[in-house]
Amino acid sequence: MVDRIAEIWGSRTPYAREERWPVRVDQVLAEGVQESEVQRWVQSACVLCSNGCGIDIAVKDGSMVGVRGRSMDIVNHGRLGPKGLFASWQGMNHKDRLTKPLIRENGVLVESDWDTAMERIVSRSRALLDEKGPLSHGFYTSGQLFLEEYYAQAIVGKAGIGTPHMDGNTRLCTATSAAAMKESFGSDGQPGSYVDIDECDAMFLFGHNMAETQTVLWMRVLDRLAGPDKPRIVCVDPRDTEVARHAEVHLPLRPGTNLALMHGLVRELFANRWIDEDYIAAHTMNVEELRATVEPWTPEAVAETCGVAAEDVRRAAEIFGTSDRVLSTVLQGFYQSSQATAASCAVNNMHLLRGMIGKPGCGILQMNGQPTAQNNRECGADGDLSGFRNWENPQHVQELADLWNVDAAIIPHWAPPTHAMQIFRYIEQGSMEFLWVSATNPAVSMPELPRIRDILASESLFLVVQDLYLTETAQYADVVLPAAGWGEKTGTFTNVNRTVHLSEQAVDPPGEARSDLDTFLDYSRRMGFTQLDGTPLLDWKGPEDAFTAWKECTRGRPCDYTGITYEKLRGGSGVPWPCNEDHPDGTVRLYRDGIFPTDPEYCETYGHDLLTGGTVGPETYKAMDPGGRAIFKTAPYHPAHETPDEDYPFRYTTGRTVYHFHTRTKTGRAPQLNDAAPAAWVEISVNDASDLGLGEGDIVRVESRRGHITAALRVGDIRDGTLFAPFHYGYWDQGGTPAQEHRAANELTITEWDPVSKQPVLKNAAVRIEKIADGTGPSLAPTTTASRPATHKPADSTSQTGRDSGESRVLPPGPGQQPAHGHGRRSSRRILPTAGGSAAQATETIAPVEPPAVATKEERA
Amino acid sequence: MKLPTYLGLLEKSESTLAESFRQVARGHGHEPDVHFICQTLAAQCDDHQQALKPVLDRYGEAEVDDEPARLHADGLSETRSGPLGLLRDLQDLYLLASLVDITWTMVKQAGQGLRDKELLDVVAACDGQTTKQLKWLSTRMKQAATQALLIAK
Ligand code: SF4
């Protein structure tokens, strides 16, 4: 048994390059339940991050009583991380679950029944459609639903109502991943595979704290690092994360300067001729524009702007330029920071320059945040056209009209889909009066929360919220619909590396809760949406009908599902798309032949100017004639729009901790996880704490131009001049409103987004900090991860990164303020290591079985 | 030779456009994309004026009251409010940027006739950005137009 709160990544199973990752089966059962008492194990995959680990749900007496990893699954080879082990099932079993629809009567939410609640929605919806038309309606969905549900929602929105105002919280987590792939390669679609971890010589993690965000993927890396011929690691992250601690080169750059660093790395590749001229000539275009844009960015110029050592920039570039097989991963450090799409495209550019794409160990993983974000993008619940179709291509619009048997004119295609931030702006301005939120919590996860709360509370807004629990957002709703969730319904979803999993129903939903699919089908029926021949727009009986319809929608598209059935997914591993006649077992890597989906008739987008987001447009794109070549896309660097100044001298960044997901809706209800990270905190560096006379556990107020939070201080190994706060903590377990104390990280963040991906800039703002009370003990931040207490001594980070002397943040230390050593002023406050004790014990069985592999023929070819 | 007049017109139009981008940035702070991108584009217009300096010096001042000088358009004196106001302000910017764009084209024609490499390099560096400014303006207006014209309050 292993304490999987203390030992996040569990036991090591080392392996060598080109071997397959050994199997280790992780299992946990509810206290008091013996394995022999489990009546059924039901196949599923985990929905607590984008990794999509294959999981079996233990069922006893109609309840979920535990989980184990699926040994035959190509994603996790049997393993599970702390969230999968503890939150996946306990997060569903909680007494707080919504069991009946709620409607607002005289200002308060009261229990009701489905008929009444749905009729209330439908009558408002119909009245608005009659009076104001489809632009009065918006949908804001999630990265948590199943494929079948997104596809239903996409059709209802695009072909039933005809509104372009559809998006998901995937806008906050994964929009840049999609945008960067569309710009570089012509379409969404992950080039790389997790198998590339087994094959690579070097790994670059760009703004990706994999150790905390995708713990099982990090186990795979740790096992390579524990084996022979381990890969060299380069980490780009302002915090001293677990990844940074394993890195040969750590570039702790100033938040907001990613693109400058990337320009410097790309320039080094050119300058040292670490490029593949033949590949560039045959498979890419625009290389000269790229060369000209990066030209000013010498390592010294990068050092000046990013606050990293020029020598480290050279070393990192050399690792990229001289390793045979490089795997890159990218996540929120890039996606949620300024110039997100340009910085993420730069990673694609580095791989294209070296021709390192589509080959073993040479992948790119533009990561996702949430488990089903990929399906939201594929189906077009985020406003895109279903099946990676191009809204600017009339032929693509007609294909959808034919599939759905509707008039093409109803499908919104006159402008780009309305992104989430703009949806909220239209509500603020009063022109959108109907918003349907499913499985997400904008009242905690959106930027600048004081503004978001005002918008959700707008008089003119009719708000429908569909969720498992009465979230902060649900409390603003006019109608709340109780949703059936994971393990309570059947459907499929797809992880970061295109692997499609089936998740079967294991138990009945509580009370009257219904699947999101049933709810959307019911809405469509009650609204009377029809096809051209007068038959119902959606006549599906259940999820498998939806999946069958979806397969037709993907035929011939990059995300081809036509070779997948529920039956094929049952019993074995997930299967990576495209899966069709040519690839009956799925596809490990895209672009093996160097042919990219940029053909004007086929591509998902004609692209954008990365500086402004202006569309390239069909004429210009066709004149460029990319003809299957990838496109080097870039933009000049400009500084973040909000940088530190005298009033707000610190840079502020936000992120996850390993023990929680999103707004803790499930993880906060798993006792092991909640105990490990029970309360919000703020991180500061040793030097800054020392300069300001602050100590571990002091209660501080952090303030931006938009709002403030109050939390206990963790003196940690973050870079000087930067403060960090985890974004999970809201108010549902504090009475629902920020009445007493603001603690949500997004109280402070700025309303701004990337011009291309429209992803909000959640990782860069300017703030100030002040102490409001002495702490009564240390902060409750976990000690096992990036938030661990400082190991650096004051000023010892100077040699590595240099202080941000250009930013007038530092007050000269007064006499007697220098701490004796590195843990801030009151080092006597002993910090207990984070551990889970007896409640957090899980078994790990290292099984002597052949590790799984899918599409083996291709992989070994 | 009328080229100096056109160079003067170009410089003046870039300066008007820069000031108008700034005006719109200030007036539409609640539309963060417009607010920030207009600032970036204003800075581009400043750069264009800088880039024109050496060429202007070489060709000298235009004669006063030369006819094409009256072509110049006034910038935005104030911004409007609300969704329709935003649309109309962006449309004004579009007109100003179009004047800049077509004036670059005229100047390029003259530069080709003169085989003036320095001038042609300046055109190549700047006019592409003006084209992208127009693309952004049109993209943003298309995004806003349906809502603003049909249902905005
Ligand atoms: S890594 Fe992600 S998908 Fe896998 S068990 Fe952990 S939370 Fe679930």
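The values are calculated or read from the model by the stated rules, or taken from the named source; none is laboratory data. These figures come from a predicted structure and were not determined experimentally. Here Cβ is always computed from backbone atoms with ideal geometry, including for glycine, and neighbour counts include all displayed protein chains.
Within the range A:738-755, not a single residue is assigned to a strand (DSSP E or B), more than 14 Å from every other protein chain (Cβ to nearest Cβ) and of a type in the set (A, V, I, L, M, F, W, C). Considering the conditions (1) buried (at least 19 other Cβ atoms within 10 Å of the Cβ); (2) touching a His at 6+ places or on another chain (Cβ under 9 Å); (3) free of Cβ contacts under 8 Å to residues at least 40 places away in the same chain, A:Ser328 is excluded by exactly one of them, (3).
I'd like to check something: does the range A:96-103 contain any residue that is under 30 Å from A:Thr834 (Cα atoms) and outside the structural domain of A:Thr663 (by TED's automatic domain parsing)? Yes: one or more hits.
Within the range A:472-489, is there a residue that is part of a helix (DSSP H, G or I) and within 14 Å of chain B (Cβ to nearest Cβ)?
Taking the range A:472-489 and keeping what is part of a helix (DSSP H, G or I), we get A:474-476.
Then drop every residue that is not within 14 Å of chain B (Cβ to nearest Cβ), which leaves none.
The answer is no; no qualifying residue exists.
Looking only at the range A:71-121, count every residue that is of a type in the set (Gly, Ala, Ser), away from the ligand (no atom under 16 Å from the Cβ) and at pLDDT below 95 and tell me the total.
Our first condition is that a residue be of a type in the set (Gly, Ala, Ser); within the range A:71-121, this holds for A:71, A:78, A:81, A:84, A:87-88, A:91, A:107, A:112, A:117.
Those left that are additionally away from the ligand (no atom under 16 Å from the Cβ): A:107, A:112, A:117.
Still in the list and also at pLDDT below 95: A:107.
Of the residues in that region, 1 qualify.
Number of residues in the range A:557-577 that are free of Cβ contacts under 8 Å to residues at least 60 places away in the same chain and touching a Lys or Arg at 6+ places or on another chain (Cβ under 9 Å) equals 4. Kindly provide the set of residues from the range B:32-64 that are more than 23 Å from B:Ala124 (Cβ to Cβ), free of Cβ contacts under 8 Å to residues at least 12 places away in the same chain and within 14 Å of chain A (Cβ to nearest Cβ), ordered by number. Scanning the range B:32-64 gives B:Pro32, B:His35, B:Phe36. Within the range A:101-123, the set of residues being crowded, with 18+ Cβ neighbours inside 10 Å and among the charged types (D, E, K, R) comprises just one member, A:Arg120. Among the residues making up the range B:93-150, those that are of a type in the set (A, V, I, L, M), within 14 Å of chain A (Cβ to nearest Cβ) and over 30 Å from B:Pro83 (Cα atoms) are B:Ala124, B:Ala125.
Within the range A:594-612, being surrounded by 24 or more Cβ atoms within 10 Å (Cβ to Cβ) and farther than 30 Å from A:Glu752 by Cα holds for one residue alone: A:Phe596. The one condition from (1) more than 26 Å from the chain's Cα centre (by Cα); (2) crowded, with 21+ Cβ neighbours inside 10 Å that A:Gly693 does not meet is (2). Would you say A:Asn497 is within 16 Å of the ligand (Cβ to nearest atom), modelled with pLDDT under 95 and among the polar types (S, T, N, Q)? Considered against the rule, which asks whether it is within 16 Å of the ligand (Cβ to nearest atom), modelled with pLDDT under 95 and among the polar types (S, T, N, Q), A:Asn497 comes out as yes.
Per this entry, A:Arg20 is counted among residues that are within 29 Å of the chain's Cα centre (by Cα) and either more than 12 Å from the ligand (Cβ to nearest atom) or more than 14 Å from chain B (Cβ to nearest Cβ) (or both).
In the range A:718-735, the residues that are among the polar types (S, T, N, Q) reach residues that are part of a helix (DSSP H, G or I) with C-beta atoms within less than 9 angstrom, at least six apart or across chains, in these pairs: A:Thr722/A:Asp688. Screening the range A:23-68 for residues that are buried (at least 24 other Cβ atoms within 10 Å of the Cβ) and hydroxyl-bearing (Ser, Thr, Tyr) and picking the one that is farthest from the ligand (Cβ to nearest atom) gives A:Ser44. Within 14 Å of another protein chain (Cβ to nearest Cβ), farther than 17 Å from A:Ala178 by Cα, assigned to a loop (DSSP other than H, G, I, E, B) and touching a helix residue (DSSP H, G or I) at 6+ places or on another chain (Cβ under 8 Å): does that describe A:Thr643? Criteria not met by A:Thr643. Out of all the residues in the range A:613-647, which are small (Gly, Ala, Ser), crowded, with 17+ Cβ neighbours inside 10 Å and free of Cβ contacts under 8 Å to residues at least 12 places away in the same chain? Scanning the range A:613-647 gives a single hit, A:Gly614.
Screening A:Tyr652 against (1) more than 14 Å from every other protein chain (Cβ to nearest Cβ); (2) assigned to a loop (DSSP other than H, G, I, E, B) leaves a single unmet condition, (2).
Looking only at the range A:624-649, which residues are of a type in the set (A, V, I, L, M, F, W, C) and either under 20 Å from A:Tyr335 (Cα atoms) or at pLDDT 95 or above (or both)? Matches in the range A:624-649: A:Ala630, A:Ile631, A:Phe632, A:Ala635, A:Ala640. Beta carbons closer than 6 Å, at least 6 apart along the sequence or on distinct chains, pair a first residue in the range A:411-433 that is aromatic (Phe, Trp, Tyr) with a second that is outside any helix (DSSP H, G or I) for A:Tyr426/A:Met432. Considering the range A:386-400, and only residues there that are touching a helix residue (DSSP H, G or I) at 6+ places or on another chain (Cβ under 6 Å) and touching a residue at least 60 places away in the same chain (Cβ under 8 Å), the residue that is nearest to the other protein chains (Cβ to nearest Cβ) turns out to be A:Glu392. So which of B:Gln143, B:Gln133 is more than 19 Å from the chain's Cα centre (by Cα) and either under 25 Å from A:Gly613 (Cβ atoms) or not β-branched (Val, Ile, Thr) (or both)? Criteria check complete, one pass: B:Gln143.
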